[in-house]
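Working notes, structure below.
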Amino acid sequence: MQGLTKKQYGIYDYIKKYIEQNKYSPSYEEIKKAIQLSSKSGVYCYIKALEERGWLTRIHGKARSIKLIK
C-alpha cells in the first residue's frame, strides 16, 4: 500500500479482483457503485491519481482499458 491512500488502494484492489474474475477491467460506473462514490468524475480522479503514481495504465478514450502495473 506504499504511496497510496486507503481509498486509492481500495480502488486498486477492487480493479485487481475484478480483472482476475472477468479477464477485463471494470467500467467507471461499476467502480463507482462498488466503492459507493456519487459520480464517475470521482472515479476518474482516483484512476488518474493511480496512473500518475505508476500503479496502472489506461488507453484514453477507450472503455475498459485499465491495465495494472504493480
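Report yes if Tyr18 is among the hydroxyl-bearing types (Ser, Thr, Tyr), part of a helix (DSSP H, G or I), out of contact with any helix residue (DSSP H, G or I) (no Cβ under 6 Å at 6 or more places or on another chain) and buried (at least 17 other Cβ atoms within 10 Å of the Cβ), otherwise no. Working first, answer last.
Values: among the hydroxyl-bearing types (Ser, Thr, Tyr): yes; part of a helix (DSSP H, G or I): yes; out of contact with any helix residue (DSSP H, G or I) (no Cβ under 6 Å at 6 or more places or on another chain): yes; buried (at least 17 other Cβ atoms within 10 Å of the Cβ): yes.
Here the answer is yes, as Tyr18 does meet what is asked.
For the condition in a helix (DSSP H, G or I), of a type in the set (D, E, K, R) and either surrounded by 15 or more Cβ atoms within 10 Å (Cβ to Cβ) or at pLDDT below 90 (or both), what is the one hit in Lys32, Lys48, Lys7? Break it down into steps so the answer makes sense when it comes.
Working: Lys48 fails: either surrounded by 15 or more Cβ atoms within 10 Å (Cβ to Cβ) or at pLDDT below 90 (or both); Lys7 fails: either surrounded by 15 or more Cβ atoms within 10 Å (Cβ to Cβ) or at pLDDT below 90 (or both).
Result: Lys32 is the single residue among Lys32, Lys48, Lys7 that is in a helix (DSSP H, G or I), of a type in the set (D, E, K, R) and either surrounded by 15 or more Cβ atoms within 10 Å (Cβ to Cβ) or at pLDDT below 90 (or both).
Quick one: count up the residues across region 51-63 that are farther than 15 Å from Thr5 by Cα, more than 10 Å from the chain's Cα centre (by Cα) and either in a strand (DSSP E or B) or touching a residue at least 24 places away in the same chain (Cβ under 8 Å) (or both).
1
Looking for whichever is modelled with pLDDT of 95 or more and of a type in the set (Lys, Arg) here; the options are Lys67, Lys17. Which one fits? Steps first, please.
Values: Lys67 fails: modelled with pLDDT of 95 or more.
So the residue among Lys67, Lys17 that is modelled with pLDDT of 95 or more and of a type in the set (Lys, Arg) is Lys17.
What are the residues in region 35-45 that are part of a loop (DSSP other than H, G, I, E, B) and surrounded by 14 or more Cβ atoms within 10 Å (Cβ to Cβ), if any? Talk me through it step by step, then tell me what you get.
Taking region 35-45 and keeping what is part of a loop (DSSP other than H, G, I, E, B), we get 36-39.
Residue satisfying the conditions is Leu37 alone.
The values are calculated or read from the model by the stated rules, or taken from the named source; none is laboratory data. Just so it is clear, the model here is predicted, and its values are computed rather than measured. A quick note on method: Cβ atoms are made from the backbone with ideal geometry, for glycine too, and the neighbour counts reach across all protein chains shown.
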